[in-house]
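Below is one structure, written out as structure tokens; the observations come after it.
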Amino acid sequence: MEHETKRGLLTEAEIEKYFQKAELLPAIVQEESTGEVLMLAYMNRESMKKTLETGYTWFFSRSRQELWNKGATSGHLQKVKRILGDCDDDTLLVIVDQTGPACHTGAHSCFFNEIWREEPNE
């Protein structure tokens, strides 16, 4: 089976190459307009296929053990602009047009808890 993408068709074999090491693939979501990292989620084969087919992000919830369409209930959808695979074919960078906050807390990004920062030299 083939999945329509903006660059053409992606075959099952092309999708499968990303799942050689694990059943779940980390997907880093980045906002196209700002370059800000919004969230990290996981994709399985089915959620990756749904993302490619619909043009909106779909992930696999490890806690609920089910697929979820980001923003389907909140309206804070993520329109996919590009998807890049890393050099090892085991992580995705999903570049999106974000509607509203990406985090379930209401924050724009899920990465707002600063843990450490280098102190400037005085």
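All of the numbers you see were taken from the coordinates with simple rules; none came from a lab. Computed from a prediction, not measured in an experiment: that's the story for all the values here. With ideal geometry, Cβ positions are generated from the backbone for all residues, glycine too; neighbour counts draw on all protein chains shown.
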request  = Could you state, as a whole-number percent, how many of the C-alpha pairs of the chain are farther apart than 20 Å?
outcome  = 44 percent
key: Contact order relative to length of the chain, as percent, for alpha carbon pairs under 8 angstrom and 6 or more apart   = 23 percent
query = Helix 45-54 versus the longest principal axis of the chain: what is the Cα-based angle in degrees, 0 to 90, to the nearest 10?
reply = 90 degrees
ask   = Once you put a point 7 Å from the Cα of residue 19 and another 7 Å from the Cα of residue 103, both along the Cβ direction, what distance in nm separates them?
value = 3.1 nm
query = ³J(HN,Hα) across the range 63-75 via Karplus (A = 6.51, B = -1.76, C = 1.60, θ = phi - 60°), whole Hz, x for Gly/Pro?
reply = 6, 8, 6, 8, 6, 9, 9, 4, x, 4, 8, 8, x
task = Calculate the spin-label point distance for residue 28 paired with residue 117, positioning each point 7 Å from the Cα along the beta-carbon direction, and give it in nanometres.
result = 2.1 nm
inquiry  = Under 27 Å between alpha carbons, and skipping anything fewer than 8 positions from residue 21 in its own chain: which lysines qualify?
reply    = 6, 49, 50, 70, 81
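Test of understanding: what is the full-extension gain from residue 74 to residue 36, defined as 0.36 nm times their sequence separation minus their Cα-Cα distance?
Here the answer is 11.6 nm.
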ask   = Hey, rough spin-label estimate for residue 88 and residue 12, points 7 angstrom out along Cα→Cβ, what's it come to in nanometres?
value = 2.8 nm
